[in-house]
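The values are calculated or read from the model by the stated rules, or taken from the named source; none is laboratory data. Every value quoted in this text rests on a predicted model; they were computed, and no experiment measured them. Positions of Cβ are generated from backbone atoms using ideal geometry, with glycine treated the same way; all protein chains shown enter the neighbour counts.
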Amino acid sequence: MTRIPGGLIDRSQTLSFTFNGKRYTGHPGDTLASALLANGVRLMGRSFKYHRPRGPISAGSEEPNALVTLREGARAEPNTRATVAELYDGLTARSQNHVGPLGLDALAVNDLLSPFFAAGFYYK
């Protein structure tokens, strides 16, 4: 892939980070979302009610879909927008709203049953 030169990303250095237990690389100046997209990761989470696949649709703080949890344990920070989370060496992030592997979410069956669910307050 040919990359456009310039911008705020320093491609002379490489950072290592983990998403859902898998190690990826990025560069200083990347956001978590831009680094994941550069590594071919498009699916970053699932919707709350129907568990439909979600990935970024914007590049800023208005992003409603690419919500992740940063860090682990007592310092975990849920519902962080991947589009504004600055990448740093050793970052640990994981996707949200799924049971089992992200690509094979067991609760995605909710989407098939959606005609039988009443609309929640967040869908009205």
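Residue by residue through region 1-47, note down the ones that are in a loop (DSSP other than H, G, I, E, B), hydrophobic (A, V, I, L, M, F, W, C) and either surrounded by 11 or more Cβ atoms within 10 Å (Cβ to Cβ) or at pLDDT 85 or above (or both).
Once the filter is applied, which keeps residues that are in a loop (DSSP other than H, G, I, E, B), hydrophobic (A, V, I, L, M, F, W, C) and either surrounded by 11 or more Cβ atoms within 10 Å (Cβ to Cβ) or at pLDDT 85 or above (or both), region 1-47 yields Ile9, Val41, Leu43, Met44.
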* To do: May I ask you to list pairs of residues, at least six apart or on different chains, whose Cβ atoms are under 7 Å apart, with the first in region 27-42 being among the charged types (D, E, K, R) and the second being surrounded by fewer than 17 Cβ atoms within 10 Å (Cβ to Cβ)?
  => Arg42/Gly55
* Structure fact -> Counting only residues in region 68-81 that are in contact with a Ser or Thr (Cβ under 7 Å, 6 or more places away or on another chain) and among the aliphatic types (A, V, I, L, M), the one surrounded by the fewest Cβ atoms within 10 Å (Cβ to Cβ) is identified as Ala76
* Looking at this structure, is Pro78 in a strand (DSSP E or B) and within 14 Å of the chain's Cα centre (by Cα)? -> yes
* Residues of region 40-66 classified as under 16 Å from Ala85 (Cα atoms) and in contact with a helix residue (DSSP H, G or I) (Cβ under 6 Å, 6 or more places away or on another chain), total -> 2
* Asked: Across region 48-62, what is the total count of residues that are within 22 Å of Gly29 (Cα to Cα) and surrounded by fewer than 18 Cβ atoms within 10 Å (Cβ to Cβ)?
  -> 7
* Between residues in region 1-23 that are closer than 16 Å to Glu72 by Cβ and β-branched (Val, Ile, Thr) and residues that are modelled with pLDDT of 90 or more and surrounded by 10 or more Cβ atoms within 10 Å (Cβ to Cβ), which pairs lie under 8 Å by C-beta distance while being six or more apart or on different chains? -> Thr18/Tyr24; Thr18/Leu91; Thr18/Thr92; Thr18/Ala93
* Asked: From the list Ala93, Ala118, Ala66, Ala85, which residue is of a type in the set (A, V, I, L, M, F, W, C) and modelled with pLDDT under 75?
  -> Ala118
